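A.B. asks: Please find one structure pasted underneath; my questions will follow.
The values are calculated or read from the model by the stated rules, or taken from the named source; none is laboratory data. Source: prediction; values computed, not measured. Cβ placement follows ideal geometry from the backbone for every residue including glycine, while neighbour counts extend to all protein chains displayed.
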């Protein structure tokens, strides 16, 4: 029996340092620039690909870590560098997670490598398209449809997706669509839209409060035809699931969107931790150096205690993230909404810690010359995307009570 330990192994420590060095030396120096420009940092993505950080092999290694901890470690370090650039580099993993969660082994092997590299070794991006203008938290209300054309063995997709990371600029789009709207979320499936497929286009690109180096846009699907093999999981499994649901039986597995979110929430929580840690470290050093009334401001209990609370909250949130990541990787059931707990706590901590960092810096914390205002802007999205704070509370409360709370 393995002895309990929270100590990271040598491989994890080496990779953590490698990613941290990349974040410190490559990402941080251009973070302010790309936040101001609100553009995808292609040169940084290319550098990440050159060193093997943005690659199928690296992500497969991170996903395959038997402890489940490696992916959160990587996400925290990248977000410590800059959350927007981190998402620009690793937003592709949302699409990858969608393929892993819903695809067959053959589909995983065919499509996941193409999320990173295309023909002639071109750098590719992937996107996971779920949310719609009228269906954000309520994924059961998706209006995007997928209709099967039996004569051609093709699926025809129509609809508009919104708030999509890498939407429209991605080469591989993983799209969740309704096959039978009468069945709500149980009548949905996920589809691969391959590179260059006619009918898929980018709609509005959003100008955001934070994570501005990450591309977020609408994806418009106008009679998009994809081969039958692009239905993740295959038609036989889908037909069996729909038949069970129509007979009033269980669908037998998580719905397409939720299966992806369940696997990605700890990693998203880890990104929030990276932002919080960056703000804490910066404000700690500032408090040691900043002098008022003849002494460093950290000598005042009001500042020192604030920093103590910031560090405590960050470490507590990290333990929830690591637990959820370990449970997900080792097949433990989230009986109490542990995945949602990790994302809920980490998002709250990021917002609170970055706000305290601004308070410690005072007026300097409120201007763009210092990074804490950017970290505060970046942090807020972690209370919103991949399930709002209230949706996480709903998941947890249902899990602990067994009651269908609305």
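A.B. asks: Going residue by residue through the range 195-211, is there one that turns out to be surrounded by 23 or more Cβ atoms within 10 Å (Cβ to Cβ), touching a residue at least 60 places away in the same chain (Cβ under 8 Å) and closer than 16 Å to residue 84 by Cα?
C.D. replies: Yes, the range 195-211 has at least one match.
A.B. asks: What tally of residues in the range 352-371 results from selecting those that are in contact with a helix residue (DSSP H, G or I) (Cβ under 6 Å, 6 or more places away or on another chain) and in a loop (DSSP other than H, G, I, E, B)?
C.D. replies: Qualifying residue count for the region: 1.
A.B. asks: Moving on. Just need a number here: residues in the range 314-324 that are crowded, with 18+ Cβ neighbours inside 10 Å and either farther than 22 Å from residue 397 by Cβ or in the same structural domain as residue 66 (by TED's automatic domain parsing) (or both).
C.D. replies: Within the range 314-324, residues that are crowded, with 18+ Cβ neighbours inside 10 Å and either farther than 22 Å from residue 397 by Cβ or in the same structural domain as residue 66 (by TED's automatic domain parsing) (or both) number 3.
A.B. asks: Go through (1) modelled with pLDDT under 95; (2) closer than 22 Å to residue 172 by Cα for residue 68 and report which single condition fails.
C.D. replies: So residue 68 meets the others, but not (2).
A.B. asks: Which residue is farthest from residue 99 (Cα to Cα), if the candidates are limited to the range 174-192 and must be part of a strand (DSSP E or B) and touching a helix residue (DSSP H, G or I) at 6+ places or on another chain (Cβ under 7 Å)?
C.D. replies: Checking each candidate, the answer is 178.
A.B. asks: Moving on to the next point. Residues that are assigned by TED's automatic domain parsing to the domain that holds residue 280, under 17 Å from the mean Cα position of the chain (by Cα), surrounded by fewer than 20 Cβ atoms within 10 Å (Cβ to Cβ) and over 19 Å from residue 69 (Cβ atoms): does the range 325-347 have at least one?
C.D. replies: So far as the range 325-347 goes, no, none of its residues is assigned by TED's automatic domain parsing to the domain that holds residue 280, under 17 Å from the mean Cα position of the chain (by Cα), surrounded by fewer than 20 Cβ atoms within 10 Å (Cβ to Cβ) and over 19 Å from residue 69 (Cβ atoms).
A.B. asks: Now, a different point. Given the conditions (1) without any contact (Cβ under 8 Å) to a residue 40 or more places away in the chain; (2) more than 19 Å from residue 277 (Cβ to Cβ); (3) surrounded by 24 or more Cβ atoms within 10 Å (Cβ to Cβ), report the number of the one that residue 92 does not fulfil.
C.D. replies: Among (1) without any contact (Cβ under 8 Å) to a residue 40 or more places away in the chain; (2) more than 19 Å from residue 277 (Cβ to Cβ); (3) surrounded by 24 or more Cβ atoms within 10 Å (Cβ to Cβ), residue 92 violates only (1).
A.B. asks: Moving on to the next point. Which residues, taken from the range 349-372, are farther than 23 Å from residue 308 by Cβ and either under 27 Å from the mean Cα position of the chain (by Cα) or buried (at least 19 other Cβ atoms within 10 Å of the Cβ) (or both)? Working first, answer last.
C.D. replies: First, the residues of the range 349-372 that are farther than 23 Å from residue 308 by Cβ: 363, 366-369.
Of everything in the range 349-372, just one residue is farther than 23 Å from residue 308 by Cβ and either under 27 Å from the mean Cα position of the chain (by Cα) or buried (at least 19 other Cβ atoms within 10 Å of the Cβ) (or both), namely 368.
A.B. asks: Restricting the search to the range 126-139, which residues are touching a residue at least 60 places away in the same chain (Cβ under 8 Å) and either assigned to a helix (DSSP H, G or I) or over 17 Å from residue 178 (Cα atoms) (or both)?
C.D. replies: 127, 139
A.B. asks: Would you call residue 386 touching a residue at least 40 places away in the same chain (Cβ under 8 Å), more than 23 Å from residue 271 (Cα to Cα) and assigned to a loop (DSSP other than H, G, I, E, B)?
C.D. replies: Working: touching a residue at least 40 places away in the same chain (Cβ under 8 Å): yes; more than 23 Å from residue 271 (Cα to Cα): no; assigned to a loop (DSSP other than H, G, I, E, B): yes.
Judged against the criteria, residue 386 is not a match.
A.B. asks: Working only within the range 141-165, note down all residues that are over 23 Å from residue 234 (Cβ atoms) and either in contact with a helix residue (DSSP H, G or I) (Cβ under 7 Å, 6 or more places away or on another chain) or in the same structural domain as residue 63 (by TED's automatic domain parsing) (or both).
C.D. replies: 165
A.B. asks: If a residue must be surrounded by fewer than 22 Cβ atoms within 10 Å (Cβ to Cβ) and under 27 Å from residue 349 (Cβ atoms), how many such residues does the range 37-52 contain?
C.D. replies: Total satisfying the criteria: 1.
A.B. asks: Another question about this same structure. List, please: which pairs have Cβ atoms under 9 Å, are six or more places apart or on different chains, and start with a residue in the range 147-175 that is over 23 Å from residue 115 (Cα atoms) and end with one that is assigned to a loop (DSSP other than H, G, I, E, B) and modelled with pLDDT under 95?
C.D. replies: What qualifies is 147/179; 148/179.
A.B. asks: Report yes if residue 374 is closer than 16 Å to residue 83 by Cα, in a helix (DSSP H, G or I) and at pLDDT 95 or above, otherwise no.
C.D. replies: Details: closer than 16 Å to residue 83 by Cα: yes; in a helix (DSSP H, G or I): yes; at pLDDT 95 or above: yes.
So residue 374 passes the test.
A.B. asks: Additional query: Run residue 392 past the list (1) surrounded by 23 or more Cβ atoms within 10 Å (Cβ to Cβ); (2) more than 21 Å from residue 265 (Cα to Cα) and report the number of the one that doesn't hold.
C.D. replies: Going through (1) surrounded by 23 or more Cβ atoms within 10 Å (Cβ to Cβ); (2) more than 21 Å from residue 265 (Cα to Cα) one by one, residue 392 breaks only (2).
A.B. asks: Among the helices (runs of 4 or more DSSP H) confined wholly to the range 1-119, which include 1 or more residues that are out of contact with any helix residue (DSSP H, G or I) (no Cβ under 8 Å at 6 or more places or on another chain)?
C.D. replies: Answer list for the range 1-119: 10-22, 28-37, 42-50, 56-64, 105-111.
A.B. asks: Then there's this: Go through (1) at pLDDT 95 or above; (2) over 22 Å from residue 382 (Cβ atoms); (3) assigned to a loop (DSSP other than H, G, I, E, B) and name the single condition residue 167 misses.
C.D. replies: (2)
A.B. asks: A further question follows. Taking the condition outside the structural domain of residue 381 (by TED's automatic domain parsing), crowded, with 20+ Cβ neighbours inside 10 Å and farther than 21 Å from residue 134 by Cα, does residue 190 pass? Give the steps one after another, and end with the answer.
C.D. replies: Values: outside the structural domain of residue 381 (by TED's automatic domain parsing): yes; crowded, with 20+ Cβ neighbours inside 10 Å: yes; farther than 21 Å from residue 134 by Cα: no.
No.
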